[in-house]
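Written below as structure tokens is the structure these notes are about.
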Amino acid sequence: MDRTEESLAAALAGGDHQVNLGFDGLHARGQEFQSVVQALGATAFALAGDEENVRALFLPPLITAENIKKTNYLASMPNLAGEVESFQGNDKDHRRLVQALEEGGEGWEDFFSPTGLVNLPAACENLYPLYAGRLDEPVRVGLQSWCFRFEPSPDPMRMVSFRMAEQVYIGTEDGAAAHAHSWSGKLLGLLTDLGLDVDSESANDPFFGRAGRMLAGAQTENDLKHELTVQLYPTRRTALGSINLHGTMFGENFGITLADGSPAHSSCAGFGLERAAIALFAFHGMAVADWPAAVRDRLGLA
Ligand code: ZN
């Protein structure tokens, strides 16, 4: 295999699957790529078909500052976070802003201030606040959302703006572990059916700084995160998705309790829709018509 980030980016651009918008990791997508992303999202939702109590929610790419502050994300990965600002000034400020823009735009951001909204880094972080209070029965929800992480890169697999499909459980400790196990198998099964040679590996979140490395150590020790990876490049594997056990972190932070008053446990399993689509184009060819029939059938792309 001699695939590189550059050769993959060039092949995707050649198929009109990826159009760079002037910033590493920020891309428009063509019609065929979009149809694969939509098929992957629908197929992921359908994996939940036989489970009870399943709800599907399509989320906006934003979360309130109030809610993100309760997730530990700003403390553990501030370098990936993005805050939304807007102009809140008066007429005089506006005239100064217009003048700055007319003079080339230097310092335009100084006229903007926080809106109380933050770019959503992971779909499930918008879900927990909806279940604050006492749960009568476990929650199982399928989610899809646009997400933002500030890690610009020329690697087509690393985007600043991307879509994610997730399946989340909130309930008992045993239920959270069973959900993680079951969905690890379901996602591994789906990606394998799609002709991708996927492995499950123990992993860490990319926590920031020294304090973050200590958090990451605790995560590995407790085996709380697994990634589903493929060999897209010769010297390293790339994650398509992950399975995460959160313990009672979200239950405690958002005040979600079980019938006996104890904090709820949660787990989530999800994958990046663009990452999975890019892996499919990389392994099966840049035109869906050339893909194996079994792969197209599994996605309903006949
Ligand atoms: Zn999640």
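The values are calculated or read from the model by the stated rules, or taken from the named source; none is laboratory data. Treat the numbers as computed from the prediction; the structure is a model and nothing was measured. Positions of Cβ are generated from backbone atoms using ideal geometry, with glycine treated the same way; all protein chains shown enter the neighbour counts. Heads up: the accessible areas ignore ligands, DNA and RNA and are worked out on the full protein's heavy atoms, side chains in. Shrake-Rupley method; radii C 1.70, N 1.55, O 1.52, S 1.80 Å.
Are any residues in the stretch 212-243 within 16 Å of the ligand (Cβ to nearest atom) and under 30 Å from Arg3 (Cα atoms), and if so, which ones?
Within the stretch 212-243, the first condition is being within 16 Å of the ligand (Cβ to nearest atom), and the residues that meet it are 219, 224-228, 239-243.
Hits for the stretch 212-243 are Lys225, His226, Glu227, Leu228, Ala239, Leu240, Gly241, Ser242, Ile243.
Could you please let me know if Ala203 is hydrophobic (A, V, I, L, M, F, W, C), within 15 Å of the ligand (Cβ to nearest atom) and over 19 Å from the mean Cα position of the chain (by Cα)?
Working: hydrophobic (A, V, I, L, M, F, W, C): yes; within 15 Å of the ligand (Cβ to nearest atom): yes; over 19 Å from the mean Cα position of the chain (by Cα): no.
Considered against the rule, which asks whether it is hydrophobic (A, V, I, L, M, F, W, C), within 15 Å of the ligand (Cβ to nearest atom) and over 19 Å from the mean Cα position of the chain (by Cα), Ala203 comes out as no.
A quick yes/no check of all residues on (1) hydrophobic (A, V, I, L, M, F, W, C); (2) buried (at least 17 other Cβ atoms within 10 Å of the Cβ); (3) over 24 Å from Pro206 (Cα atoms):
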site: Ala122; (1), (2), (3): yes, yes, no
site: Phe148; (1), (2), (3): yes, yes, no
site: Glu151; (1), (2), (3): no, no, no
site: Asp155; (1), (2), (3): no, yes, no
Filter result (open to solvent by 20 Å² or more (accessible area, probe 1.4 Å), in contact with a helix residue (DSSP H, G or I) (Cβ under 8 Å, 6 or more places away or on another chain) and either at pLDDT 95 or above or within 17 Å of Ala165 (Cβ to Cβ) (or both)) within the stretch 214-238: His226
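Rundown of residues vs (1) β-branched (Val, Ile, Thr); (2) surrounded by fewer than 15 Cβ atoms within 10 Å (Cβ to Cβ), yes/no style:
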| residue | (1), (2) |
| --- | --- |
| Val160 | yes, no |
| Tyr169 | no, no |
| Glu173 | no, no |
| Gly189 | no, yes |
| Ser200 | no, no |
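Tell me the strands (runs of 3 or more DSSP E) entirely within the stretch 66-170 that contain at least 1 residues that are among the charged types (D, E, K, R).
Details: elements: 83-87, 112-119, 139-148.
Filter on the stretch 66-170 gives 83-87, 139-148.
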One residue from Ile63, Ile68 being touching a residue at least 60 places away in the same chain (Cβ under 8 Å) and out of contact with any Cys (no Cβ under 6 Å at 6 or more places or on another chain): Ile63
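Considering only residues that are among the charged types (D, E, K, R), within 25 Å of the chain's Cα centre (by Cα) and over 27 Å from Ala180 (Cβ atoms), which ones fall in the stretch 256-296? Even if it seems obvious, please write down each step before you answer.
Applying the first criterion (among the charged types (D, E, K, R)) to the stretch 256-296 yields 260, 274-275, 290, 296.
Applying the additional criterion that residues be within 25 Å of the chain's Cα centre (by Cα) yields 274-275, 296.
Result: Arg296, single match.
Inside the stretch 31-71, can you point out the residues that are over 30 Å from Gly300 (Cβ atoms) and open to solvent by 70 Å² or more (accessible area, probe 1.4 Å)?
We begin by selecting, within the stretch 31-71, every residue over 30 Å from Gly300 (Cβ atoms); these are 62-71.
Listed by number, the residues that qualify are Glu66, Lys69, Lys70.
Look through Glu221, Glu227, Glu274 and report the one residue that is acidic (Asp, Glu) and touching an Asp or Glu at 6+ places or on another chain (Cβ under 8 Å). Don't jump to the end; show me each part of the working.
Details: Glu221 fails: touching an Asp or Glu at 6+ places or on another chain (Cβ under 8 Å); Glu274 fails: touching an Asp or Glu at 6+ places or on another chain (Cβ under 8 Å).
Just a single option satisfies the conditions, and that option is Glu227.
Yes or no, residue by residue, for (1) farther than 30 Å from Asp205 by Cα; (2) out of contact with any Pro (no Cβ under 8 Å at 6 or more places or on another chain); (3) within 16 Å of the ligand (Cβ to nearest atom):
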site	(1), (2), (3)
Thr248	no, no, yes
Ala259	yes, yes, no
Ala264	no, yes, yes
Phe283	no, yes, no
Trp291	yes, yes, no
Leu301	yes, yes, no
Qualifying residue in the stretch 171-194 (condition: out of contact with any strand residue (DSSP E or B) (no Cβ under 7 Å at 6 or more places or on another chain), in a helix (DSSP H, G or I), more than 16 Å from the ligand (Cβ to nearest atom) and hydroxyl-bearing (Ser, Thr, Tyr)): yes
Residue in the stretch 82-100 that is open to solvent by less than 60 Å² (accessible area, probe 1.4 Å) and out of contact with any strand residue (DSSP E or B) (no Cβ under 9 Å at 6 or more places or on another chain) present: yes
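Identify the residue in the stretch 93-141 that is basic (Lys, Arg) and touching a residue at least 40 places away in the same chain (Cβ under 8 Å) and, among all such residues, is nearest to the ligand (Cβ to nearest atom). Can you show your working first?
Initial filter on the stretch 93-141 (basic (Lys, Arg)): 95-96, 134, 140.
Keeping just the survivors that are touching a residue at least 40 places away in the same chain (Cβ under 8 Å) gives 134, 140.
Values: Arg134: 22, Arg140: 13 Å.
This residue is Arg140.
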